[in-house]
Every structure is written in C-alpha cells, then in structure tokens.
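What follows is a single structure, written as structure tokens, with notes after it.
Read-outs throughout are calculated quantities, based only on the coordinates presented, and are distinct from any laboratory measurement. Just so it is clear, the model here is predicted, and its values are computed rather than measured. Don't worry about glycine lacking a Cβ; one is built from the backbone with ideal geometry, like all the others, and counts go over all protein chains shown.
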Amino acid sequence: TENVSHLVKVSGIGGKIAEKIILELRGKLGKAGEMEAGMLRDESDVVEALYSLGYSQKEAREALKEISEEIIGTGEKVKEALKILGKNKK
C-alpha cells in the first residue's frame, strides 16, 4: 500500500494501475531495486520537506545533489540541505 500511494501521486496513474505496476515489477527488482526505490523515496521526502519550508523544488534538488552520500536518513539530509541552502543565500 505504501508503494501504491507513491505511484498514485504521479499524474495519470490511478490505484488500479499502480497496483498492476507493483504486481508486474515485484520480484524483478530484487534487493538492489528495493534499495534504489528506498533511496529515491528518501530523496523525494527531502525535496518535499524543503519545499514545505518555502524553497523551490529547483533549489531543493540542487541542494540535494550537494549532500554527501555518507549522510543517511531523511532528517539528516534535510539538515544538511538547509546548511547548504543557507550558505548559498549569503
């Protein structure tokens, strides 16, 4: 259901289509695919958090690109992105 809710946010994809996509892809991605999906979800959450704080999606994505891969977790990435965005505004 969590995956369905993410897919439904995409324009043109409803609940039934999202479920079908998940069923067809289940097992094809394996652990690497699950990790990649988790990382993408994490990055999406960071952009969404920064956007809700008043930054544009472009600013949020650019800050996200500058974050070290060693930083793990949405909260930590948001903190780091805020530091980056603060430096860029000076």
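Extending 7 Å from Cα along the Cβ direction at Lys65 and again at Leu82 yields two label points whose distance is 2.4 nm. Seen from Ile71, the other residues with C-beta closer than 14 Å to its C-beta sum to a net charge of -4, counting Lys and Arg as +1 and Asp and Glu as -1. Per-residue packing, averaged as other Cβ atoms within 10 Å, sorts the ranges 58-69, 74-85 into the order 74-85, 58-69, beginning with the highest. Remark: the Glu48-Val10 segment gains 12.3 nm on full extension, using 0.36 nm per residue and subtracting the alpha carbon distance. Which entries of Lys58/Lys83; Lys9/Lys58; Lys65/Lys87; Lys16/Lys77; Lys20/Lys58 show an alpha-carbon separation above 22 angstrom in the structure shown? Beyond 22 Å: Lys16/Lys77; Lys20/Lys58.
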